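Student: Questions regarding the structure given below will be posed in turn.
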Amino acid sequence: MRERVVDQARSDAAHSPPAAAGASTECEVSLRVNGSARALRFDSRVTLLDALRDGLGLTGTKKGCDQGACGACTVLLDGRRVLSCLTLAAQCDRREVTTIEGLSRDGVLHRLQEAFVRHDGFQCGYCTPGQIMSAVALLAEGRAGSDEEIREFMSGNLCRCGAYPNIVAAIREVAAGGVE
């Protein structure tokens, strides 16, 4: 049976039409990144993560697992959190992307960034951009009613250093509207 499957696969490959010579898989995408209009041209298979890092030089968004398991690449797409390693850049045409670089305004940190610093919500810092972007969305979604709820809705963002209690404290502070 296995031989028949292998033979069929070989036969299918031999009879498949060849890729058109010079066929391009490039696409053009217009998007707003951190409030600025950007036009990009790239292979249609490029992820949003790679377009941001390699195409636009926005390296704050981190490539962790590149499989959607760690959350280090979290950005906001039209205000909603997405894993940029699993999102094709071509899907983002005419949409708004916010990265960690877009949170601060005129050199002033976003209140979540300040809270992360106050509560030592990072150790090595690698996961911090994704943690903060996810926390921004969590607060906008109104999902910070309790520590348990914060932990549940932040569970897609992993921290190898184990700074979870500090991350929860930073989010709780901002959700409460003040400084603890």
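The values are calculated or read from the model by the stated rules, or taken from the named source; none is laboratory data. Please read all numbers here as calculations on a predicted model, not as lab measurements. Virtual Cβ from ideal backbone geometry, glycine too; neighbours counted across all protein chains shown.
Student: What tally of residues in the range 78-119 results from selecting those that are in contact with a Lys or Arg (Cβ under 8 Å, 6 or more places away or on another chain) and under 27 Å from C161 (Cα atoms)?
Tutor: Residues that pass the stated criteria total 1.
Student: Can Q67 be described as assigned to a helix (DSSP H, G or I), more than 18 Å from R172 (Cβ to Cβ) and over 10 Å from the mean Cα position of the chain (by Cα)?
Tutor: Considered against the rule, which asks whether it is assigned to a helix (DSSP H, G or I), more than 18 Å from R172 (Cβ to Cβ) and over 10 Å from the mean Cα position of the chain (by Cα), Q67 comes out as no.
Student: Quick check on my filter: what residues within the range 36-49 are surrounded by fewer than 19 Cβ atoms within 10 Å (Cβ to Cβ) and either touching a strand residue (DSSP E or B) at 6+ places or on another chain (Cβ under 8 Å) or over 26 Å from L138 (Cα atoms) (or both)?
Tutor: A37, R38, A39, R41, F42, D43, S44, R45
Per-residue answers, yes or no, for (1) hydroxyl-bearing (S, T, Y); (2) assigned to a helix (DSSP H, G or I); (3) under 17 Å from the mean Cα position of the chain (by Cα):
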position: A72; (1), (2), (3): no, no, yes
position: G121; (1), (2), (3): no, no, no
position: I132; (1), (2), (3): no, yes, yes
position: G145; (1), (2), (3): no, no, no
position: N157; (1), (2), (3): no, no, yes
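Student: Residues A90, A163, A144: which one is outside the structural domain of A39 (by TED's automatic domain parsing), surrounded by fewer than 22 Cβ atoms within 10 Å (Cβ to Cβ) and small (G, A, S)?
Tutor: Residue meeting the stated conditions: A144.
Student: Please enumerate the residues belonging to the range 95-109 that are farther than 12 Å from R38 by Cα and outside any loop (DSSP other than H, G, I, E, B).
Tutor: Correct list: T98, I100, E101, G102, R105, V108.
Student: While we're on this one: Please verify whether F116 is modelled with pLDDT under 95, surrounded by 16 or more Cβ atoms within 10 Å (Cβ to Cβ), outside the structural domain of A72 (by TED's automatic domain parsing) and of a type outside the set (K, R), treating the condition exactly as stated.
Tutor: So F116 does not fit the description; no.
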